[in-house]
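Visitor: Right, I'll just put the structure down here and ask away after.
Computed from the coordinates by the stated procedures, all read-outs in this text should not be read as laboratory data. Just so it is clear, the model here is predicted, and its values are computed rather than measured. Don't worry about glycine lacking a Cβ; one is built from the backbone with ideal geometry, like all the others, and counts go over all protein chains shown.
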Amino acid sequence: MSDLKALVRSIPDYPKPGIIFRDVTTLFATPAGMRGIVEAMCAPFADETFDCIAGIDARGFILGGAMAVRMGTGFVPIRKKGKLPANVYREEYSLEYGTDEVEIHVDALPVGSRVLLVDDLLATGGTALASIKLIERAGGTVPAAAFAIDLPDLGGSRALRAKGVEVYTVMDFEGD
């Protein structure tokens, strides 16, 4: 995984001073990087079945869509506020540098759906926890979540595990 980690660009003081932004677009830009991250994120689930993958706006769409194709399942987008055209459930959450809201279509999931939650990065867990609430309101369950990057010092993986969600990450960036 060190080869994949080397493809992630670190941008200091973005979006505000003191934050180191982990930019996965440089990872996605190389065929080996894109293939490697999708394979690594799918690997823990080789013996599991999910009704769909839910990807968090926006880089979770890239990873989640590719994983859904590879795993032979459907894909459900979790969008930022105001981007979905039909009736939605909405959930506000805190970021490490502010607040935001995410939405899911009310009819996005059949009741009882087992959903794998996917995003590029897990920091405080605010976005992921809000997304889990949305999936549950829409009738699904989230037994597991997968992320390309974990920032373990910010506590997101602990927060998801405390909620009973198995967390899988490909690489960690300590101290961020």
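Visitor: When N is the residue count of the chain, what does its C-alpha Rg come to as a fraction of 2.2 N^0.38 Å?
Guide: Values: Rg = 15.3 Å, N = 176, 2.2 N^0.38 = 15.7 Å.
Cα Rg divided by the expected 2.2 N^0.38 Å: 0.97.
Visitor: Please list the equivalent ellipsoid semi-axes of region 18-93, computed as the square roots of five times the alpha-carbon gyration tensor eigenvalues, in descending order and whole angstrom. Let's see the in-between values first.
Guide: Details: eigenvalues 105, 77, 23 Å².
They are 23, 20, 11 Å, listed from largest to smallest.
Visitor: Can you compute the FRET efficiency between THR30 and ALA58 using 1/(1 + (r/R0)^6), with r the Cβ-Cβ distance and R0 = 25 Å? Round to the nearest 0.05.
Guide: On the way: r = 19 Å, r/R0 = 0.77.
The formula returns an efficiency of 0.85 here.
Visitor: In what sequence, highest mean first, do 105-114, 125-134, 69-78 appear when ranked by Cβ atoms within 10 angstrom?
Guide: Numbers: 105-114: 15.4, 125-134: 24.0, 69-78: 17.9.
Highest mean packing first, the order is 125-134, 69-78, 105-114.
Visitor: By average Cβ neighbour count within 10 Å, what is the ranking of 18-31, 137-150 from highest down? Numbers along the way, then the final one.
Guide: Values: 18-31: 15.2, 137-150: 21.0.
Going from most to least packed, we get 137-150, 18-31.
Visitor: Further question: In the chain, what percentage of the DSSP-assigned beta bridges are antiparallel, given to the nearest 5?
Guide: Numbers: 14 of 36 bridges.
The antiparallel fraction comes to roughly 40 percent.
Visitor: Report the longest stretch of the chain that contains none of the GluC sites (Glu not before Pro) sitting in a DSSP loop with at most 12 other Cβ atoms within 10 Å. Numbers along the way, then the final one.
Guide: On the way: sites that count: GLU48, GLU174.
Free of exposed loop sites, the longest segment is 49-173.
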